[in-house]
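Student: Following this message is one structure expressed as structure tokens.
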Amino acid sequence: MVERISFRDEIQKNKIKSFALMLIIILILIGVGYTISLVFDPSYFFLIMILSIIISLSYTLISYYNADKIALASVNAKPASQTNHRAFIIATQNMSLASGLPMPKLYVMDSPQINAFASGRNPKNAIICVTQGTLEKLNKQELEGVIAHEMSHIANYDIRFMTFTAIAIGMISIMAELFLRSLWFSGGNRDRNGKSQVVLIIIGVALAIIAPLLVRLISLAISRKREFTADATGVKLTRYPPGLTSALKKIKNSSLSSEDKRKFPKAVAPLFISDPFKKKLTNMFSTHPNIDDRISKLERM
């Protein structure tokens, strides 16, 4: 007998895991900062911290406030038409009512693949973009399942959550880079406390090398958890798991030509409901969970 799972339990479980992973990133940030403060005198440490915060915040917030525009421009998406994309508009209106969210702006990109993404810093400034293939190949229930998934990203403030994650990761990377460069330019002449200082420098160098990679892997794990959360929240909105399940099966069985791959910039790929480049096997470097795992969970809801 197949064990049934509750979409409510899945939502709660994945949200807790996401916040736990985010906490690990924050602890790594504190650990790197504390180690740097032990190696350098406090004034120099605060200088590194200030520079890291300014650079990371500036870069990330510019992307945050323009994420939707950048994403739409990169895939050459056009506004949805009341005449040609009526099913898309109606499906989104239904999911907007079900979620209690404002109606997002709708866009369509020219691609035969079944795919979609949502972006925007908050529900009032949200957009949803689908491919032409999504509108041509999905039925009403499947389309609503895909739209519900994307509305869930908006409802769960996933763009904001991942932005905060990106700021923390940016700070760690910049701090590590400044630390290593400082050691290089100082010629390693940090012998205030003899051997203990040498040990601290070795620990600091190891952290500076390992920490950016580690937090990057954690951020990818967070991204995968947010996809599971969006699937479960989508079921909450539609109350019909087979819709999204069937859509994911069609996505799994579709193919992408070499010409069509050029329409999907790799920088935007993590936003889509499924990896446009069809990485069937999920690993620690994947932004999306294995599509078979997603289908399996949905079939048990």
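Quick note: the coordinates plus some simple rules give every number you see, no bench work behind them. What you are looking at is a predicted structure, and each value in this text was computed from that prediction instead of being measured. As a convention, Cβ positions derive from the backbone with ideal geometry for all residues, glycine included, and neighbour counts pool all protein chains shown.
Student: Between 0 and 90 degrees, rounded to the nearest ten: what's the tilt of helix 195-238 against the longest Cα principal axis of the chain?
Tutor: Once rounded, the angle reads 10 degrees.
Student: Let's test the formula: R0 of 30 Å, r as the Cβ-Cβ distance of residue 4 and residue 63. What FRET efficiency results, to the nearest 0.05? Present the calculation step by step, with values, prior to reporting the outcome.
Tutor: Numbers: r = 40 Å, r/R0 = 1.34.
So, using R0 = 30 Å, E works out to roughly 0.15.
Student: Ok, one more. To the nearest 20 debye, what charge dipole does the chain have about its Cα centre, counting +1 at the Cβ of each Lys and Arg and -1 at the Cβ of each Asp and Glu? Intermediate values should be presented prior to the final figure.
Tutor: Working: 37 positive and 21 negative charges, 53 e Å.
Value, rounded to 20: 260 debye.
Student: Using a Förster distance of 51 Å, how high is the FRET efficiency between residue 203 and residue 12, based on the Cβ-Cβ distance and rounded to 0.05? Walk me through the intermediate numbers first.
Tutor: Values: r = 38 Å, r/R0 = 0.74.
The formula returns an efficiency of 0.85 here.
Student: Which percent, nearest 5, of DSSP beta bridges in region 78-159 are antiparallel?
Tutor: If we restrict to bridges inside region 78-159, about 55 percent are antiparallel.
Student: Of 78/250; 17/78; 78/297; 69/250; 13/261; 13/78, which sit over 32 Å apart, Cα to Cα?
Tutor: 17/78; 78/297; 13/261; 13/78
Student: Put a dot 7 Å past each Cα toward the Cβ at residue 257 and residue 51; how far apart are the dots in nm?
Tutor: Between residue 51 and residue 257, the simple spin-label model gives 5.0 nm.
Student: Here's another thing I want to ask about it. Answer with a single label: of [x] 1.06; [y] 0.95; [z] 1.00, which was calculated as Rg/Rh (Cα atoms, Kirkwood Rh) from the structure in view?
Tutor: Computing Rg/Rh (Cα atoms, Kirkwood Rh) and matching it to [x] 1.06; [y] 0.95; [z] 1.00 gives [x].
Student: Next question, about the same structure. Of all beta bridges DSSP finds with both residues in the chain, what is the antiparallel percent, to the nearest 5?
Tutor: 60 percent
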